[in-house]
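Laboratory data are not the source of any read-out in this text; all were calculated from the coordinates shown. If you're wondering where the values come from, they're calculated on a predicted model, not measured in any experiment. A quick note on method: Cβ atoms are made from the backbone with ideal geometry, for glycine too, and the neighbour counts reach across all protein chains shown.
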Amino acid sequence: MNRTSLAASLAAVSHAEWIKMRTVRSTVWALLLTPLVSVGLGWLVARGLRSGFENGTAEWRGSFDPVHWGFYSLTLGQLAIVVFGVLLVGGEYGSGTIRASLAVVPRRGALYWAKVLAGTSAAFACALVTAFVTFFVAQAAFGPYGVSLGAGGALRATVGACLYLTLMCAFAIGVAAMLRSSAAALGILMPLLFLGSQGLGNVPKVKVVLQYLPDQAGFVITQVIPPDDPRFARDYGPWGGLAVLVAWVVVALIGGYLVLRRRDA
Amino acid sequence: MIEVENLSKRYGRTLAVDRLSFTVRPGRVTGFLGPNGAGKSSTMRMILDLDAPTSGRIRVNGGRYRDLRDPLRHVGSLLEAGSVHGGRRARDHLRWLARAGRIPESRVREVIELVGLQSVAGKRAKGFSLGMGQRLGIAAALLGDPGILVLDEPVNGLDPEGVRWIRGLMKSLAAEGRTVFVSSHLMSEMALTADHLVVIGRGRVLADLGMTEFIERNSRSHVRIRTPEPERMRDVLTAAGARVRQADDGFLEAFETDAARVGDLAAANGLTVHEVSTWSASLEEAFMRLTAEATEHRAGAER
């Protein structure tokens, strides 16, 4: 197959993947829930912190990172976009659609990368809206303590939050492709993502390892003021953390590709 | 045309397909007959490159399935396990297939009408009856107007009207010069639709012959004769208008005659006969007999 026809077929297959994801309710809902949860919860968290702020010590106020805390709701919002990524692939196996997909597109690499492309593109659009709206809503809810997008590091954190969500979705696609089942993938990803909210990443002894988990590393991109509490400090900076997440994504996507390539459908 | 050559497939310790070789030719309905678990679905999945053969090879229109350009335009398939997401509307299922297969979207409406799903095309597939699901699967198979159809148990779950419809459809597709390869575990179903039969049991080809030949050999009653003078007996019977063939177990099988006439002819010609018996079998019995041995072997192997 020459390059033009390969490109044409990749375009056709990506378009087909786009049709697939918007014609099933579960994937549409997962994608819609991402901004809803992130923005709604972001607003609530900021409102709560604002009252704490008003009664807090000067020291506490000085180390407070409104940008990071404004994005705190993404730790829950990300669950929805991860579910989206998982369903995109797992739904094919659960329903047997994978057989129809491979019968139409027997070149497994073409099918896989078209799916990754379509899935992450949709996730990126969703993440872009989520990140910016969450930022503005949360900062508005902080009232006088909020910052503008022009504040130091705020734009980087917001763009970073968008990349973070997109990468988490890509990671989920890769994991689901490796495990070939929504249930199995969610069974691994959900506990993994709750480790973070359980704060295990801050326990000194396990932190050495846990700080390199995909979400723990990637989410640092939303920090503007490095935490002075050593428990929250990391061995890498914001971009370093995002690079760790990118490494996880690359490994997961390649793993998913190899599984699809080798296994019987 | 589908050419299967020395195909084997092993799942773990089970040898599901064992050195299968046969050719599915265009212009006729080829029935792929065998009991459940004989390896029919595995073979069909391998034809579509969904499962990789352990050894052997398959050529579809002369090449590998994965090398076909726009495979949906060459091969339409209906797989037994189903391949439709229940949360998707029937029309949407056909739309993404058409898009991925680079088939004009207008074709979606055509196949929906062709299989008679107009009234439920906007409904989600999980609400479908088995029969409606089969019709949707057949619509998907016909989407690319393919020259080859691979249908795994297409009559499953269809109501009598649906069964009649699919029989007619398969025959007309073959009459248009297409290759129609259809599996079933029911001999009676094959007898009504297939022009050619490939019978498998325990992953191996047990028979590969025309339907007419299969019926001739198996369904009509015939007389089985054991004699130390087979050549003379054959001449005598043939001269009397019977059709005679040598069976694998040394018996002579005489058609278009009966036991009394064979006895009379033997006496009149002074022929020694050790056994004369009448055999009549239905197609279903013939099929069972053919596959019984293979099944027994497997039962023995599993013990």
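Here the Debye sum runs over all C-alpha atoms of the stretch A:3-262 as equal scatterers in vacuum, and log10 of I(q)/I(0) at q = 0.08, 0.09, 0.13 Å⁻¹ comes out as -0.33, -0.42, -0.81. Relative contact order for chain B: 21 percent, from Cα pairs under 8 Å spaced at least 6 residues apart, divided by residue count.
A simple spin-label model places the labels of B:E229 and A:V259 7.5 nm from each other, with each point 7 Å out along Cα-to-Cβ.
For the stretch B:69-134, the relative contact order comes to 41 percent (Cα pairs under 8 Å, sequence separation of at least 6).
Translational diffusion coefficient of the stretch B:2-209 (Stokes-Einstein, Kirkwood radius from Cα pairs, 4 °C, 1.567 mPa s): 75 µm²/s.
Against chain A, whose longest principal axis comes from its Cα atoms, helix A:3-22 is set at around 60 degrees.
Once fully extended, how much extra length lies between B:Q246 and B:A268, figured as 0.36 nm per residue of separation less the alpha-carbon to alpha-carbon distance? Spell out each step's value before the answer.
Numbers: separation 22, 0.36 × 22 = 7.92 nm, distance 2.21 nm.
Stretched out fully, the B:Q246 to B:A268 stretch lengthens by 5.7 nm.
For a paramagnetic label modelled on A:W29 (point 7 Å from Cα along Cα→Cβ), amide N atoms under 16 Å away belong, within the stretch A:84-107, to A:84-88, A:91.
Note on B:K40: lysines with a C-alpha under 18 Å away, same-chain residues under 8 apart excluded, are B:K9.
Rounded to 0.05, the FRET efficiency of the A:R22 and A:V251 pair, given R0 = 35 Å and the Cβ-Cβ distance, is 0.75. Note on A:L44 and B:S221: their simple-model spin labels are 8.3 nm apart, each label 7 Å out from Cα toward Cβ.
By the gyration tensor of its Cα atoms, with a ≥ b ≥ c the square roots of the eigenvalues, what is the shape of the stretch B:220-280: rounded for a/c under 1.5, prolate for a/b over b/c, or oblate? Judged from the Cα gyration tensor, the stretch B:220-280 comes out rounded (a/c under 1.5). Taking B:E231, B:E253, B:E113 as the candidate residues, the one with maximal mean-square fluctuation in a Gaussian network model of chain B, Cα springs under 10 Å, is B:E231.
Based on other C-beta atoms within 10 Å, arrange A:L49, B:L72 from fewest to most. Show your work: numbers first, answer last.
Numbers: A:L49 20, B:L72 25.
The most exposed by this proxy come first: A:L49, B:L72.
Compute the projected area of the convex hull of the Cα atoms of the protein assembly as shown, averaged over all viewing directions, and report it in nm² to one decimal place.
Working: hull surface 134.9 nm².
Orientation-averaged projected area of the Cα hull: 33.7 nm².
Treating each Cα of the stretch A:207-265 as an identical point scatterer and summing with the Debye formula, the log10 of I(q)/I(0) at q = 0.17, 0.21, 0.27 Å⁻¹ comes to -0.59, -0.76, -1.05.
Please determine, in degrees from 0 to 90 and to the nearest 10, the orientation of helix B:106-115 with respect to the longest principal axis defined by the Cα atoms of chain B, where the helix direction is its Cα long axis. Compared with the principal axis, the helix lies near 40 degrees.
Could you check what % of the DSSP bridge pairs in the stretch B:2-209 are antiparallel, to the nearest 5?
Approximately 50 percent, going by the DSSP bridge assignments.
Springs between Cα atoms under 10 Å define the GNM used for chain B, and in it the highest mean-square fluctuation of B:K171, B:K126, B:K40 occurs at B:K126.
Given a Förster distance of 22 Å, report the FRET efficiency between A:F232 and A:E54 from their Cβ-Cβ distance, rounded to the nearest 0.05. With a Förster radius of 22 Å, E is 0.45. Were the residues from A:M190 through A:L210 laid out at 0.36 nm apart, the gain over their Cα-Cα distance would be 5.7 nm.
Where in the stretch A:78-113 does the label zone of A:A7 land, with the point 7 angstrom along Cα→C-beta and an amide N cut-off under 19 Å? In the stretch A:78-113, the label zone of A:A7 (backbone N under 19 Å from the point 7 Å along Cα→Cβ) covers A:110-111, A:113.
Go ahead and run the numbers for FRET between B:A52 and B:A292, Cβ-Cβ distance against an R0 of 45 Å, rounding to 0.05.
On the way: r = 31 Å, r/R0 = 0.69.
The value I calculate is 0.90.
How would you rank A:R61, B:R224, going from fewest to most other Cβ atoms within 10 Å of each one's own Cβ? Before the final figure, lay out each step's value.
Working: A:R61 12, B:R224 17.
Final ranking by Cβ density, sparse to dense: A:R61, B:R224.
Take every Cα pair under 8 Å whose residues are at least 6 apart in sequence, average their separation, divide by the length of the stretch A:3-262, and the relative contact order is 25 percent. Principal-axis analysis of the Cα atoms of chain A puts helix A:25-55 at an angle of about 10° to the longest axis. Scaling against 2.2 N^0.38 Å puts the C-alpha radius of gyration of the stretch B:1-90 at 1.15. Which of B:N156, B:N269, B:N218 moves most in a GNM of chain B, Cα contacts under 10 Å? Its mean-square fluctuation being the largest, the pick is B:N269.
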